[in-house]
Amino acid sequence: MKRQLLIYTLVVLFVITGAGCATNGHYDPARSTGAGALGGAAVGSALGSIIGAATGSAGTGAWVGAATGAIVGGVGGFLYAKHKESQTRDAQMAAETYNYSPGRGDIVSIENVELKPSRVKAGDTINLSATYTLLSGSGQPNNVTLIREVQSGSQRVLNPDQVRLTKPNGTFVDQVSLAIPKEFPRGDYSVVTKVLTDRAMDERASSFTVE
């Protein structure tokens, strides 16, 4: 019974974690940062009490509560918001720029990534921008997945921000803001931007420092 209850709790924990991940990020970053921290503590405390009472073990309840609070609170650590999309070249202009012909297959090219400002303090907001070109010979719209991962060294420090789009051939600019929590550790970090279609992909990294 105890084992089944722990397994059920871990399943709930992962559901909560997934629900907190930002995708398109259409929400207030300041309010969501607070919700991540407070929600993690509240959910952890509640689950810890339930498990402790059900199993008769305060230690087990404390362990589950601490793990849940850390994971749920961590989800709210970095927050993406104010997602914007624009097109800078149509299909013909993009094909001319790349001297493209259908025989070359599918092309995904990230032309530029920007991160401003690159030196920030905890609690600040960073504006991210990626310019990318899509070219395919099929003439059909491209299924595009745009991913941003915040990393420290080679370790990811947040579930990735992921946006799924349908785009024609052309060149596009994707912009999104990243809110950093007030208690985030100082150090050097990178944002890895990836653009994927069904048959091609490209990626680029940009860096920032929390002082």
Those residues of region 123-170 which are in a loop (DSSP other than H, G, I, E, B) and surrounded by 13 or more Cβ atoms within 10 Å (Cβ to Cβ) amount to GLY123, ASP124, SER136, GLY137, PRO141, VAL157, LEU158, ASN159, PRO160, PRO168, ASN169
Original post:
Looking at TYR80, is it under 15 Å from TYR189 (Cβ atoms) and surrounded by 12 or more Cβ atoms within 10 Å (Cβ to Cβ)?
Top reply: yes
ARG119 vs (1) under 19 Å from VAL210 (Cα atoms); (2) out of contact with any Asp or Glu (no Cβ under 7 Å at 6 or more places or on another chain): all pass except (2)
Of the residues in region 171-211 that are in a loop (DSSP other than H, G, I, E, B) and either within 18 Å of the chain's Cα centre (by Cα) or within 19 Å of THR133 (Cβ to Cβ) (or both), the one that is modelled with the lowest pLDDT is PRO181
Scanning region 128-165 for residues that are of a type in the set (S, T, N, Q), at pLDDT below 95 and touching a Phe, Trp or Tyr at 6+ places or on another chain (Cβ under 8 Å) gives GLN151, SER152
Of the residues in region 111-137, those that are without any contact (Cβ under 8 Å) to a residue 24 or more places away in the chain and more than 24 Å from ALA205 (Cβ to Cβ) number 0
Expected output for region 94-110 (first residue free of Cβ contacts under 8 Å to residues at least 60 places away in the same chain and more than 15 Å from VAL173 (Cβ to Cβ), partner small (Gly, Ala, Ser) and assigned to a loop (DSSP other than H, G, I, E, B), Cβ below 9 Å, 6+ apart or cross-chain) is TYR100/GLY137; SER101/GLY137; PRO102/SER136; PRO102/GLY137; PRO102/SER138; PRO102/GLY139; GLY103/GLY137; ARG104/GLY137
Within region 110-127, the residues that are polar (S, T, N, Q) and either over 17 Å from VAL191 (Cα atoms) or under 18 Å from the mean Cα position of the chain (by Cα) (or both) are THR125, ASN127
Note on region 129-149: residues closer than 13 Å to LYS194 by Cβ and hydrophobic (A, V, I, L, M, F, W, C) are ALA130, VAL144, LEU146, ILE147
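The values are calculated or read from the model by the stated rules, or taken from the named source; none is laboratory data. Owing to the predicted nature of the structure, the values given are computational and were not obtained by experimental measurement. Cβ: placed from backbone, ideal geometry, glycine included. Neighbour counts: every protein chain shown.
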